[in-house]
Amino acid sequence: MHLFASLPAPLHSAAARAGLTRRCIGGLAVMVALLAACASPPEGVMGPIGAGLPDASRVSMLVATTRASSENPGLLYSGERGASVDFNEVVVSIPPEENRIVGEVQWPKKLPPNPARDFATLSVSPLIGAPAARTWFTGHAGSSGRLLVFVHGFNNRYEKAVYRFAQIAHDSGTGAAPLLFTWPSRGSVFAYGYDKESTNYSRTALESVLAAAAGAGEVKDITVLAHSMGTWLTIESLRQMAIRDGRIPPKISNVILAAPDLDIDVFRQQLADMGPDRPKFTVFVSRDDRALTVSRRISGNIDRLGQVDINDPKIRQLLEAEGITVLDLSKLRVGDKLNHSKFAESPEVVRLLGERLIAGQAVTDQDIGLGAELGATALSVTNTVGSAAGLAVSVPIAILDPSTRETLEAQADRFGRNLGNSVEGLVDPKLDLTRRCTRKGEACPGAVLAR
């Protein structure tokens with residue numbers, strides 16, 4: 001019988017929920033304060049500045065939104081709900097590499113922004129209706145025909161979603177055409193309920209955008225990257241698409257869920273509703289995600305998918321049976337105090353996104369085994385991702401991949417031969433595994449596969 005053929009038993013007990021409640025109440029106020037303390041971008045950054053710097057990078061993206069428009073040209077859209085889907089082509093300038101910190105959105109401290117050091121909006125071009133959006137696909141899909149769709153999470157204003165996606169598209173190095181779907185979030189930590197209902201309000205619109213993209217002849221492959229509450233919107237839209245059309249379009253081949261704010265029980269049923277012909281799922285989790293701890297507390301103390309423990313036998317059974325790959329970032333340290341945006345802020349992980357996951361390649365194929373813990377090699381960051389010798393990503397990541405069963409000993413032997421040293425000879429107990437690499441091309445310290 002299929003694992004999800006009927007409603008499954010919950011993966012938690014009443015006693016566990018009661019204990020979790022007692023543990024969470026004391027820390028809830030502190031975590032909400034951390035959420036409220038997150039810096040907001042300056043208002044008005046969506047006002048175009050025109051020409052940028054010759055040596056600055058540019059990201060041209062298609063933005064689809066269900067937000068209501070704003071009368072302020074520096075905002076473009078508010079956090080209220082619009083009556084239709086609007087499309088714009090937005091071009092964002094990224095500072096030159098020598099002034100970049102990979103993984104960070106460099107907000108201007110004042111307006112107008114300084115494109116030498118700040119992210120800046122160069123142009124905003126309205127596109128009227130879905131036909132104009134399909135024309136955009138023709139000009140941007142390129143020879144690969146790959147499209148990356150990003151769905152942001154809770155507490156995001158329009159400009160924050162645009163700039164974060166520009167950072168991801170640039171830092172990942174993906175050649176996929178970028179499409180942002182931004183839904184009506186009020187950008188407030190106190191609007192969780194409103195934001196959640198806004199995802200439900202927007203699911204048919206996202207379904208329509210994905211269907212239009214899949215129907216475009218120039219588009220050959222679609223990856224959907226969703227973060228936080230945006231994963232709920234994404235999964236609901238895909239589920240709705242599968243129910244309406246009998247299956248999810250084959251072009252939507254890859255779905256990446258980063259810090260998913262999803263009830264684990266509901267997610268199991270959503271997968272069942274999608275049927276067997278669904279995309280490959282990759283999930284980024286972190287057990288120290290403070291934002292998801294808050295979400296769990298206000299959602300009945302039900303485990304969130306983005307905080308699962310891949311060492312839990314029931315979780316492993318669920319994920320392995322459905323072919324879901326999980327990358328556990330719990331030991332990874334970034335600047336985000338909430339530990340909620342590790343996938344975008346870690347230079348190594350964001351490049352892993354672009355060079356392997358968005359490109360449709362398995363991160364945990366025959367070279368990386370079940371539950372293997374990866375650490376940094378002494379190689380440069382630019383050489384660590386996407387090469388045979390560099391599959392040991394330059395950060396500590398635990399990987400659960402149901403497609404392979406190779407042992408750690410076999411991996412260590414192979415990596416030892418490739419690198420010309422034994423595992424023991426490469427390990428340096430003095431290495432700092434938490435230091436961040438900041439510039440492209442900078443070598444990262446770390447360790448290799450541990451026994």
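Taken together, the values in this text are just the output of simple stated rules run on the coordinates, not laboratory data. What you are looking at is a predicted structure, and each value in this text was computed from that prediction instead of being measured. Backbone-built Cβ (ideal geometry, glycine too); neighbour counts: all protein chains shown.
Remark: C-alpha extents of segment 237-292 on the principal axes read 38, 21, 16 Å, sorted largest to smallest. Residues 192, 163, 201, arranged from fewest to most other Cβ atoms within 10 angstrom of their Cβ, appear as 201, 192, 163. Largest first, the extents of the alpha carbon coordinates of segment 163-287 on the three principal axes equal 42, 35, 29 Å.
A simple packing score, the average count of other Cβ atoms within 10 Å per residue, orders the peptides 101-107, 182-188 as 182-188, 101-107, with the highest score first. This ranking places 223, 135 by how few other beta-carbon atoms lie within 10 Å of each, fewest first, which gives 135, 223.
Among the lysines of segment 14-346, pairs at least eight places apart or on separate chains and with Cα atoms under 21 Å apart come to 11.
The overall shape of segment 14-346 is oblate: from the C-alpha gyration tensor, with semi-axes ordered a ≥ b ≥ c, the ratio a/c is 1.5 or greater and a/b is no larger than b/c.
Taking a sphere under 10 Å around the Cβ of residue 194 and counting the other residues whose Cβ falls inside, with K and R at +1 and D and E at -1, yields a net charge of 0.
Computed over neighbours whose Cβ is under 10 Å from that of residue 288, the net charge equals +4, Lys and Arg +1, Asp and Glu -1. Positive contributions from Lys and Arg (+1) and negative ones from Asp and Glu (-1), summed over other residues with Cβ under 11 Å from the Cβ of residue 90, come out at -1. Taking the Cα centre of segment 14-346 as reference, the dipole from Cβ charges on Lys and Arg (+1) and Asp and Glu (-1) amounts to some 600 debye.
Over segment 184-289, Cα pairs under 8 Å with separation of 6+ residues give a relative contact order of 26 percent. Spin-label model, residue 144/residue 53: points 7 Å from Cα along the beta carbon direction are separated by 2.6 nm.
Once the chain from residue 128 to residue 116 is taken as fully extended at 0.36 nm per residue, the excess over their C-alpha distance is 1.1 nm.
In this label model, residue 81 and residue 43 are separated by 2.4 nm, measuring between points 7 Å along each Cα→Cβ vector.
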